[in-house]
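Input: a single structure, listed below in structure tokens.
The values are calculated or read from the model by the stated rules, or taken from the named source; none is laboratory data. This one's a predicted model, so the numbers in the text were calculated from it and none came from an experiment. In this analysis, Cβ positions are derived from the backbone assuming ideal geometry, glycine residues included, and neighbour counts consider all displayed protein chains. The protein model used for the area step is the full one, side chains on, heavy atoms only, and it has no ligands, DNA or RNA in it. Shrake-Rupley method; radii C 1.70, N 1.55, O 1.52, S 1.80 Å.
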Amino acid sequence: MAPSLFFSSVVDNYNYEHLQLTENWCLQVHCTRRFYENFVPSFTIYDVECPDHSFRKFTDDGQYLISFSRNNQDLIVYRPTWFSFSCKEEDCSSHDLPVKAKRFESFFTKLYCITLASCNELICKDFFLSMENNQFGLFATSTPQIHDAPANGGAIQGVPFIEKITFHLVRLEDGVILDEKVFHNDFINLTNNMGVFLYDDLLAIVSLRYQTIHVLQIRESGNLVDVRAIGSFCHEDDELFLNSNSQVENGLQQNQPNQGNSLLSGIKQRLLSFIFRGIWNEETDQIVRIQCLKKKFYFHFQDYVDLIIWKVQFLDRHHLLIKFGSVDGGVSRNADQHPAFFAVYNMETTEVVAYYQNSADELYFLFEQFCDHFHATSRNSMYMNFISSHSNNIYALDQLRSIKNKAGSLSQFVKKILASLPFSCQSQSPSPYFDQSLFRYDEKLISATDRHRQSTDHPIKFISRRQPHTLKFKIKPGPEAGSMDGRTKRISSFLFHPFLPLALSIQQTLFLQPAVVNIHFRR
């Protein structure tokens, strides 16, 4: 199937299934937007007395606040509660809050604290995924990363080494650890959930070191069950078939020297076959066809062979979007400068059904028109989803096209935009206060994307879209009077509740000083 036809068919099916719900849904969203436009966090408690934890995020149902101990050993989970206090005056809003109301415990109730890390492992504080029903949370612990490790047992040279990585499936209600999945002598990129993707009950874990995509299912019973491993083999019986043939060949060629295993991995063979067939079908003349194969395929053959899997995401329950690139780009913090390729892989048929370079105009067009499909969020979400993209929000689209018009090179612009693919799982806040149809704000200082930002002493303003000159609310991280030391580099993170006018701003320095936590809420 042609790449564009594949994506078009997926999108058509999606649109057909949601056609009958569109009218009611649009009315509901419109009413909810008008509500949140005026229901905003209007008050800030600065430098709140709170436990010295690393606060990670709210779950998407708003029931839990996830945090970790500073020594990265313990998981601490809180439940958001709305503070209350008594006031005997007629106009309570003009009075200061009581001292007790300004404490962290007035807004959050501690549910439990459990130890996740053992021995020499530490919690990966940048990693956390929650199931759609928010019944389970997935956490990770690991031993320290080792560079310059020898590439033994089929490992990729140049990829770091972690002795032990453990994934913990925790029942969020009471903190019971239901199951664990351990990887030994491997490397999985856990920063901002990059190496793991959750879609409904399916989990994809990318082993960079051994170039394997492990697909697991999270059962309702709380078990992690292996479904398939995509890498060296694509079908479940591939290894058995190859081993049986290897025994026959060894019996026929006992007198020949052993040349070692020179077979390409199953996923690499699928990719090369798709590229070969695509070039073959471009031309009908046999001579021209051979010339094209020499120029476009055989000349770059070793480059294709050297590609490794960088990142993976689900497009639906059957298709994966896989990003390939060089070894250097796979372990680099900034992979934007490295060449990359995208492939759509059907797990059921084990076929590559689409392939693009990271400068492909066709892929950019699909990304611009159908960006929401790349997020691959479940269609059964129970909470309102206000995540803005250039395929569902005219303001985001205008912003993208403005950047495109200002770009000096279209090819470089496309590469920069497509560098975000595949999307990291659960990396954006569903809070309505990030809805670009409601508010305008400086995305260099704050956005729905789960990332640390360079801090500022000035309040971050949220301006109404309907009333362009009306300030709706402000979020100011750090001390109320600002920082006394302008030379110290400070970073901020923002945790917004998914539907309440409640947010945490956390400002910290690079010198492990206690963080300054502010609570922003509607008084």
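Assorted remarks:
- Residue count, the stretch 322-368 (criterion: at pLDDT below 90, open to solvent by 70 Å² or more (accessible area, probe 1.4 Å) and within 30 Å of Ile394 (Cα to Cα)): 3
- Criterion applied to Ser505, Ser455 was being in contact with a Lys or Arg (Cβ under 9 Å, 6 or more places away or on another chain) and within 15 Å of Lys57 (Cβ to Cβ), and the one residue passing it is Ser505.
- In the stretch 199-229, the qualifying residues are those that are part of a strand (DSSP E or B), of a type in the set (S, T, N, Q) and closer than 15 Å to Ile309 by Cα, and the one that is most open to solvent (accessible area, probe 1.4 Å) is Thr212.
- Among the residues here, Arg79 qualifies as within 30 Å of the chain's Cα centre (by Cα), open to solvent by 30 Å² or more (accessible area, probe 1.4 Å), at pLDDT 65 or above and more than 19 Å from Ser388 (Cα to Cα).
- Within the stretch 179-188, the set of residues being touching a residue at least 40 places away in the same chain (Cβ under 8 Å) and either over 19 Å from Ser130 (Cβ atoms) or surrounded by fewer than 16 Cβ atoms within 10 Å (Cβ to Cβ) (or both) comprises Glu180, Phe187.
- Qualifying residues in the stretch 278-307 (those that are not β-branched (Val, Ile, Thr) and not in a helix (DSSP H, G or I)) - the one nearest to Ser326 (Cα to Cα): Leu307
- Residue match in the stretch 261-268 (condition: hydroxyl-bearing (Ser, Thr, Tyr), outside any helix (DSSP H, G or I) and either within 25 Å of Ile230 (Cβ to Cβ) or open to solvent by 90 Å² or more (accessible area, probe 1.4 Å) (or both)): yes
- Residue match in the stretch 129-147 (condition: more than 30 Å from Tyr199 (Cβ to Cβ), open to solvent by 80 Å² or more (accessible area, probe 1.4 Å) and in contact (Cβ under 8 Å) with a residue 60 or more places away in the chain): no
- Selected residue (criterion: nearest to Phe494 (Cα to Cα)) from residues of the stretch 391-431 that are more than 24 Å from the chain's Cα centre (by Cα) and not in a helix (DSSP H, G or I): Ala407
- Close pairs from the stretch 151-166: first of a type in the set (Asp, Glu), partner crowded, with 16+ Cβ neighbours inside 10 Å, Cβ under 8 Å, at least 6 apart: Glu163/Thr143; Glu163/Asn185
- The residues listed here are Phe434, Phe413; of these, the one that is in contact with a Phe, Trp or Tyr (Cβ under 7 Å, 6 or more places away or on another chain) and over 19 Å from Gln508 (Cβ atoms) is Phe434.
- Of the residues making up the stretch 148-161, those that are loosely packed, with under 12 Cβ neighbours inside 10 Å and within 24 Å of Leu122 (Cα to Cα) are Asp148, Pro150.
- Sub-7 Å Cβ pairs linking a first residue in the stretch 291-320 that is farther than 20 Å from Phe423 by Cα to a second residue that is outside any strand (DSSP E or B) and open to solvent by 90 Å² or more (accessible area, probe 1.4 Å), at least 6 apart or interchain, are Cys292/Glu282, ordered by first then second residue.
- Single unsatisfied condition, Asp60 versus (1) acidic (Asp, Glu); (2) over 25 Å from the mean Cα position of the chain (by Cα); (3) under 21 Å from Leu500 (Cβ atoms): (2)
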